[in-house]
Amino acid sequence: MELIEIKHPLKEHYLSILRDKNTDFETFRICASKLSYILAIEATKKISLNEKNIETPLTETKGFNIENDSVAVSVLRAGLGLVDGIRELIPNISFGYVGVQRNEETAEPENYYEKLPVLENKNVFILEPMLATGGSLSFAIDTVKKYNPKNIQALTVISAPEGIDFIKKNHDDITLVTASVDEKLNENWYIVPGLGDMGDRLFGTT
Ligand code: URA
């Protein structure tokens, strides 16, 4: 598994606002959106370009356009906080959504919602901001893999070492792009230092 932890002063700035417990949820949402652009730029470094000829006002020259082969899959509900960057920067990208929850009886992850565009032979960007135990991201990756994508990149804001190890063990073929690798999980499976519950902080719930 390729692990990319973003090093950039803007990332440090916006991530610190997200971590701060005194940040109100409107500011939280705006800063999550800004961070999503930084994640999107890093995650799209290797997407394919088509070459074409273009005319500037002065002459002909070589130009490029992004190949139309990318799909984003947002894991509900916190993944909605990372939609902006990918949607705004990648032309014509289609979006899918998966809802993953823990089965109360078996404790196994299961999906309660799935609406996906064609994934076969696509670059798939999975948006799952908090990689804690890795259970829901791994489940989302399994879901995507059923449809034979070309490759998968997972975009997270914060990743716990425990979650990274779990994904490495189960999905060594993916790329993980994260804004931060944090210290650990606590006894309630929250990431420390983390930012608390991403979904609650995005949507103002408790
Ligand atoms: N999900 C969150 O929103 N926060 C955590 O710290 C762990 C999982």
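Miscellaneous remarks
- Surface accessible to a 1.4 Å probe, per residue, for the residues of the stretch 1-131, Å²: 59
- Annotation for the stretch 106-206: GluC sites (Glu not before Pro) lying in DSSP loop with at most 14 further Cβ atoms inside 10 Å of their Cβ are E120, E183, E187.
- Fraction of alpha-carbon pairs over 11 Å apart in the stretch 32-80 - percent: 77
- Cleavage-rule hits, GluC sites (Glu not before Pro), the stretch 1-96, DSSP coil, Cβ neighbours within 10 Å at most 13: E67
- The stretch 15-59 - percent of accessible surface contributed by carbon and sulfur, probe 1.4 Å: 51
- Along the axis of the charge dipole computed for the chain (Cβ charges of +1 for Lys and Arg, -1 for Asp and Glu, origin at the Cα centre), the listed residues S36, N186, G199 are led at the positive end by S36.
- Beta-bridge orientation, the stretch 1-146: approximately 55 percent antiparallel, per DSSP, counting only bridges with both partners inside.
- Net charge contributed by nearby residues that have their C-beta within less than 11 Å of D182 (K/R +1, D/E -1): -1
- Taking the stretch 66-206 and dividing mean pair separation by its residue count, relative contact order in percent (alpha carbons under 8 Å, at least six apart): 21
- Computed [θ] at 222 nm, helices only, for the chain once each DSSP H run of length n ≥ 4 contributes -39500 (n - 2.57): -9500 deg cm²/dmol
- Rounded percent of accessible protein surface that carbon and sulfur make up, the stretch 81-206, 1.4 Å probe: 45
- Under 22 Å from the Cα of K169 - lysines, other chains or at least 8 residues apart: K145, K146, K150, K184
- Computed label-point distance, nm, for sites N170 and T133 using a 7 Å Cα→Cβ extension: 1.0
- Spin-label zone in the stretch 44-80 - amide nitrogen under 14 Å from a point set 7 Å from the Cα of R87 along the C-beta vector: 72-76, 78-80
- Charge dipole of the stretch 1-50 (Cα centre as origin; +1 on each Lys and Arg Cβ, -1 on each Asp and Glu Cβ, all else neutral): 100 debye, rounded to the nearest 20.
- log10 of Debye I(q)/I(0), alpha-carbon scatterers only, for the chain at 0.11, 0.16 Å⁻¹: -0.51, -1.03
- Among the trypsin sites (Lys or Arg not before Pro) within the stretch 1-92, those in coil by DSSP and having at most 10 neighbouring Cβ atoms inside 10 Å are K7, K21, K45, K46.
The values are calculated or read from the model by the stated rules, or taken from the named source; none is laboratory data. Here the structure is a predicted model, which means the values were calculated and not measured. Because the Cβ atoms are built from the backbone with ideal geometry, glycine has one as well, and the counts that use them run over all protein chains shown. Calculation scope for accessible area: heavy atoms of the full protein, side chains included, ligands and nucleic acids excluded. Shrake-Rupley method; radii C 1.70, N 1.55, O 1.52, S 1.80 Å.
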